[in-house]
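The block underneath contains the structure these notes are about, expressed in structure tokens.
The values are calculated or read from the model by the stated rules, or taken from the named source; none is laboratory data. Predicted model only: the values in this text are computed from it and were never measured. FYI the Cβ positions are ideal-geometry reconstructions off the backbone, even for glycines, and counts take in every protein chain you see. Just so you know, the surface numbers come from the protein's heavy atoms only, side chains and all, with ligands and any DNA or RNA stripped out. Shrake-Rupley method; radii C 1.70, N 1.55, O 1.52, S 1.80 Å.
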Amino acid sequence: MTIRGIAYGGDYNPEQWPREVWAEDVALMQRAGVNLVTVGVFAWSRIQSGPGQFDLGWIDEVLDLLYDGGIRVDLATATASPPSWLVAAHPEMLPVRADGVRLGPGSRQHFCPSSPAYRAAALELVAVLADRYRDHPALELWHIGNEYGCHVPACHCEVSQTAFRAWLRARYGDDLAALNSAWGTDFWSQRITAWDEIRTPAAAPTFLNPTLQLDFARFSSGELLGCYRAERDVLAARSPGMPATTNLMTFFRPVDSWSFAPYMDVQSVDCYPDPADPAAHLTMAAAGDITRSLGGGQPWILMEQAPAAVNWRFVNVPKAPGQLRELSLTAVARGSDGILQFQWRASVAGAEKFHSGMVPHAGTDTRVFREVEALGRDLAALAPVAGTRVTADVAILLDWESWWALELEAHPSGYVWWVITFQHLYAALFDAHVTVDVAHPAADLSGYRLVIAPHIYLVSDAAAENLTTFVRSGGTALVTYFSGIVDPDDHVRPGSYPAPWKDLLGLHVEEHWPLAEGATDLLGGTLAGPSASASLWREQVHLHGAEPLLTFGSAPLAGSPAATRHAYGDGLAVYLATWPDRETLASLLAWTCERARVRPVLDAPAGVEAVRRGDVLFLINHTAEPTAVDLPEPGRDLLSGRSLSGRITLAPRDAVALVGVADVPADLVGTVHGDGPVAGAAGDLRRRIEDLPDGRRRTSYRRGLDRRP
Ligand code: GAL
């Protein structure tokens with residue numbers, strides 16, 4: 001992108017406003033420091049009034065106005081809401097739900113992703129837009145579709161039935177025997193004798209075939225990717241060199257974000273934590289870490305967040321004063337180069353008229369607009385971080401295929417959810433000031449010191465071996481219960497659990513023993529405090545090489561292991577066979593991080609976010625109280641322009657972005673002097689002191705690659 005510094009703006013829907021407002025919009029955008037807006041996301045019916053009838057004059061005008069005002073454009077392909085004339089001509093493009101109900105127009109995203117009529121019309125529109133605007137100087141980025149899968153993640157219409165069968169024929173090499181074997185169709189007499197018998201998993205008397213459901217999840221995500229890629233191909237051919245993205249959603253199970261990532265020139269995400277949720281900042285931080293990881297560490301864009309309230313919860317609490325800034329800074333700290341909101345000006349008509357805008361109904365003499373202007377100034381001050389990266393020593397594994405299979409019904413417990421477990425692990429690491437990436441289980445893990453596998457229930461042979469190799473060559477793994485259970489067909493791997501990781505973990509699991517709803521067990525062992533407890537899950541673990549770190553308290557598992565450690569190759573494998581209380585989880589993670597030589601970014605109170613981006617140390621107080629933090633070295637705060645040293649106190653929701661504070665591992669502060677290698681508890685570090693041209697001194701530490709515990 002050509003924007004220097006952090007992009008700032010939002011969805012801009014001038015089609016909802018008379019022309020007179022457009023000039024005022026540009027003036028207000030300038031006042032607020034806006035430099036990027038997304039134009040036309042839901043403008044298809046204004047752009048095209050019939051077959052071949054395009055009206056682009058108004059977009060020309062809007063783009064010229066914006067450009068003249070110094071504002072760049074993320075131009076939407078406008079394909080997320082097909083116009084009514086198109087639906088009338090092709091009613092078969094309307095999606096059908098699993099219960100057989102065909103969804104009507106009058107809302108949005110009312111298209112079947114497999115519909116040839118929808119795809120052809122969408123691609124024609126994209127071609128027209130690309131030809132018209134590829135050379136427009138305001139164009140910064142193409143914005144393809146909108147939130148793929150939102151509202152309609154899958155379709156069961158007849159077109160989809162045919163497309164699903166074609167997809168299955170390709171997957172199983174036209175071999176019905178292979179499909180029958182993968183789907184285990186001898187169970188409950190489900191044997192398929194001709195391709196045409198196959199239907200998408202819809203309403204049925206009871207549990208549907210799980211592999212049918214898993215394949216349908218793969219197919220449905222793939223069809224959405226197909227829509228995205230088809231548009232991207234048109235843009236690549238007609239607007240070469242112009243980056244393209246789509247706004248993916250935070251923690252959205254139906255769409256495999258890893259499959260989209262390679263086709264996105266810049267990753268982008270929409271994130272709408274509930275402002276009333278005390279963990280709102282964790283949602284934003286995790287969305288950022290995931291989106292950054294999808295792009296291999298490259299800067300990304302927060303494509304949508306609410307300036308204040310949304311309109312789609314039952315009760316829509318606005319962001320508190322300062323919360324827009326707080327969450328935006330979290331996104332920037334975690335690698336975002338763009339902070340965009342939905343939307344620029346609050347609508348007065350339509351289903352979203354009570355959704356906040358950067359310009360509220362009450363106008364500019366408002367709290368929200370003042371905060372919008374202030375955020376523009378803050379982001380301008382953070383220009384030096386644009387383009388810089390965040391690095392992490394820890395990866396949490398995330399695999400949509402495993403997630404789909406994990407949360408199918410009829411499992412030992414309905415309470416094993418990937419997102420919930422991820423959030424608990426993430427929160428504990430966040431409060432310990434440890435930065436994390438997410439990684440696909442089959443990805444190269446060699447750059448990490450610690451890899452956490454939360455409920456990686458479905459695992460391929462290659463991915464299982466990948467984690468084993470990582471530990472063998474010196475890494476530390478923490479595997480949680482209900483991991484390594486099934487193969488990619490969702491068949492239980494033979495033998496005891498977790499079949500592919502028994503040697504790695506030095507144990508096997510004989511029997512799952514989930515705890516009844518609300519029930520708990522006491523935990524004992526070296527890492528257990530006096531009231532350590534377990535809930536949700538237990539299992540009968542037998543050790544062959546591993547040693548217990550936690551044990552269960554009650555019959556019939558009293559004294560048997562609840563968490564274990566096992567030295568394997570040059571590394572360490574930790575297993576967690578239950579869901580411990582928050583403190584015990586924090587102790588287990590602290591113990592594991594120490595063994596893995598994962599160090600906190602800074603020794604700071606919990607609830608104060610500490611993350612490094614490039615040379616800048618971000619500290620953000622997400623607690624409700626003024627909180628003191630001790631700085632290891634003096635630094636200059638990009639946000640306030642002040643030089644800070646020693647003990648600083650951050651007001652609630654306040655933040656600093658410090659330049660000049662060296663990456664000093666917490667356990668080394670004050671213990672090293674001079675250049676050269678640093679020995680001792682912290683291991684193989686090399687210190688480098690540079691005198692910068694502006695007179696400041698920068699000290700940095702490079703960590704060695706030795707990950708042995
Ligand atoms: C998003 C969507 C936007 C807007 C927003 C409201 O899901 O992409 O168009 O509807 O929600 O919060």
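What FRET efficiency would be calculated for the residue pair Asp64, Ala380, taking the C-beta separation as r and a Förster radius of 22 Å, to the nearest 0.05?
0.35
Restricting to Cα pairs below 8 Å that are 6+ residues apart, what does the relative contact order work out to for segment 92-142? Please round to a whole percent. Please report the intermediate quantities before stating the final value.
On the way: 29 pairs, mean separation 12.9, N = 51.
Answer for segment 92-142 is 25 percent.
Please list, ordered by chain and number, the residues whose modelled amide H lies under 5 Å from the amide H of Leu478; skip anything fewer than 5 residues away on the same chain.
Under 5 Å from the amide H of Leu478: Val451, Ile452, Ala453, Val574.
So in the chain, what percent of DSSP beta bridges are antiparallel if you round to the nearest 5?
For the chain, the DSSP antiparallel bridge percentage is about 55.
How big is the C-alpha Rg of the chain next to the rule-of-thumb value 2.2 N^0.38 Å, as a ratio? Walk me through the numbers before you get to the answer.
Numbers: Rg = 26.6 Å, N = 709, 2.2 N^0.38 = 26.6 Å.
Working it through for the chain, the quotient is 1.00.
Could you state the number of Å between the C-alpha centres of segment 559-617 and segment 235-268?
Here the answer is 32 Å between Cα centres.
Once you treat every alpha carbon in segment 521-647 as an equal point and sum by Debye, what is log10 I(q)/I(0) at q = 0.13, 0.17, 0.19 Å⁻¹?
Log10 I(q)/I(0), no solvent term: -0.69, -0.90, -1.00.
Evaluate the charge dipole of segment 298-400 about its Cα centre and quote only its size in Debye, nearest 20, assuming +1 on the Cβ of each Lys and Arg and -1 on the Cβ of each Asp and Glu.
Details: 10 positive and 10 negative charges, 53 e Å.
For segment 298-400, the charge dipole is close to 260 debye.
Would segment 392-518 count as rounded, prolate or oblate if I go by the C-alpha gyration tensor, calling it rounded below 1.5 in a/c and otherwise prolate when a/b exceeds b/c, oblate otherwise?
oblate
Given Pro262, Ala280, Pro321, which one lies farthest toward the positive end of the charge dipole of segment 254-406, if we put +1 on the Cβ of every Lys and Arg and -1 on the Cβ of every Asp and Glu?
Towards the positive end, the residue furthest out is Pro321.
Using a 1.4 Å probe on the protein heavy atoms, what percent of the accessible area of segment 121-204 belongs to carbon and sulfur?
Details: 1900 of 3610 Å².
C and S fraction of accessible area: 53 percent.
Using a cut-off of 14 Å between beta-carbons, work out the net charge of the residues near Ala230 (Lys and Arg +1, Asp and Glu -1, Ala230 not included).
Local net charge: 0.
Can you send over the carbon and sulfur percentage of the accessible area for segment 436-589, probe radius 1.4 Å, protein chains only?
51
For Asp196, put the label point 7 Å out on the Cα→Cβ axis and report which residues of segment 141-169 keep their amide N under 19 Å from it.
157-169
Counting only heavy atoms of protein chains, what accessible area per residue, in Å², does segment 388-474 have with a probe of 1.4 Å?
It amounts to 31 Å² per residue over segment 388-474.
With unit charges on the beta carbon (Lys/Arg positive, Asp/Glu negative), name the residue among Leu638, Val598, His544 whose Cα is farthest towards the positive pole of the charge dipole of the chain.
Leu638
Going by Cβ distance under 4.7 Å, what cysteines of the chain have no possible disulfide partner?
By the Cβ distance rule, which asks for a partner under 4.7 Å, the isolated cysteines are Cys150, Cys157, Cys227, Cys271, Cys593.
So what J values fall out for segment 476-482 if you push phi through Karplus, 6.51 cos²θ - 1.76 cosθ + 1.60 with θ = phi - 60°, rounded to Hz, Gly and Pro as x?
Couplings: 10, 10, 10, 10, 9, 3, 6 Hz.
Separation of segment 105-150 and segment 432-508 by C-alpha centroid, Å?
A separation of 39 Å, based on Cα centres.
Ignoring ligands, DNA and RNA, what percent of the accessible area of segment 33-85 is carbon or sulfur (1.4 Å)? Intermediate results must be reported in sequence, preceding the final value.
Numbers: 770 of 1680 Å².
Carbon and sulfur: 46 percent of the exposed surface of segment 33-85.
When only Cα pairs under 8 Å and 6 or more residues apart are kept, what is the percent relative contact order across the chain?
Value for the chain: 9 percent.
Would you mind working out the accessible area per residue for segment 567-647, using a 1.4 Å probe, and quoting it in Å²?
Per-residue accessible area for segment 567-647 comes out at 38 Å².
Per residue, how many Å² of accessible area does segment 281-360 show with a 1.4 Å probe?
27
For segment 307-383, max minus min Cα coordinate along each principal axis, in Å, sorted largest first?
Rounded to whole Å, the extents work out to 36, 26, 19 Å.
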